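Below: one structure, written as structure tokens.
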Amino acid sequence: MRKSVLLINDLPGYGRAALSLMLPVLSRMGFHVYNLPTALVSNTLDYGKFEILETTDYMKNTLLVWEELGFRFDAVSAGFFVSEGQMALTAGFCKEQKEKSGTKLFVDPIMGDKGKFYHGVTKQSIAGRKQLVAEADYIVPNYTEACFLTGLPYRASGMTKKESDELLAALKHLSKASIAVTSVKVEGQDAVLGYDREADKSFLLPFSPIPAHFFGTGDIFSSVLMGKVLQGLSLQESTQKAMDAVQELIVGSEEIEEKYKGIPVELLFERIDR
């Protein structure tokens, strides 16, 4: 029986990221995929100028309708939010879904990268993300977001093994979720740092960085990881699959000139079918 997945994220009108990437990836992986947009965004934020239409009232009314109709989901993915109210609303909805249906919650606490907040995101939003992280079964922050959540210092030069252990310990204190922290550098090695709560096992998966930046690679990573976990793979296996898929996709897209428009995710389909 095909599992049902709800994606709660923003929808850009120009450029591929968030819902416009996650919907086709998870649909291709064989899931029934539904969505609840937190905002309609004129274009991806890398352009520096954008217009955002907040959808909080729509979210509230939609969730009320869905409750009346008895809709249930096997998994929910929570990504970008415009306000604390949206995050509190989502946390409450997911807690209820978990209690009634055993729904798994995947949280990508989207806030920033390279030690800085994204355009339009403020320090005040950290508390709302922590509320979601506390309810999560899986969290997928990047290194910057993990530091924002835990209050630990961001080090552009990377971490020692001891500091990476401290980061994982601090994240485990915030949530009982399994963890995959992307964009870390440990002892000089670029890697994804993880902890599988079910197996009570930490892991470090190294990779070779590619000198190309595409908006939306984190959304693709989160989608593939989520899909593989729901297909029954361990977190470590799912993380490696997601890493391999994104790396192959970036390599195949390096010659694209207008990278802000996003990766042509259709190139990934052969990879995620494996």
Some residue of the range 184-197 being closer than 26 Å to Tyr47 by Cα and open to solvent by less than 60 Å² (accessible area, probe 1.4 Å): yes
Got a number for residues in the range 198-236 being acidic (Asp, Glu) and open to solvent by 40 Å² or more (accessible area, probe 1.4 Å)? 2
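A quick yes/no check of all residues on (1) outside any helix (DSSP H, G or I); (2) among the aliphatic types (A, V, I, L, M); (3) open to solvent by 80 Å² or more (accessible area, probe 1.4 Å); (4) at pLDDT below 95:
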residue: Tyr34; (1), (2), (3), (4): yes, no, yes, no
residue: Asp57; (1), (2), (3), (4): no, no, yes, no
residue: Ser77; (1), (2), (3), (4): yes, no, no, no
residue: Leu89; (1), (2), (3), (4): no, yes, no, no
residue: Phe93; (1), (2), (3), (4): no, no, no, no
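Looking at Leu26, is it touching a helix residue (DSSP H, G or I) at 6+ places or on another chain (Cβ under 9 Å), outside any strand (DSSP E or B) and surrounded by 14 or more Cβ atoms within 10 Å (Cβ to Cβ)?
Yes, satisfied.
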Would you check which residues across the range 116-174 are under 15 Å from Met87 (Cα atoms), surrounded by 15 or more Cβ atoms within 10 Å (Cβ to Cβ) and among the hydroxyl-bearing types (Ser, Thr, Tyr) and list them? Ser125
Flag if Asn9 is within 18 Å of Gly128 (Cα to Cα), at pLDDT 95 or above and not in a helix (DSSP H, G or I): yes
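The values are calculated or read from the model by the stated rules, or taken from the named source; none is laboratory data. Quantities reported herein were computed from a predicted structural model and do not represent experimental measurements. Quick reminder, even Gly has a Cβ in these numbers, built from the backbone with ideal geometry, and neighbours come from all protein chains shown. Accessible surface is based on the protein model in full, side chains and every heavy atom, while ligands, DNA and RNA are left aside. Shrake-Rupley method; radii C 1.70, N 1.55, O 1.52, S 1.80 Å.
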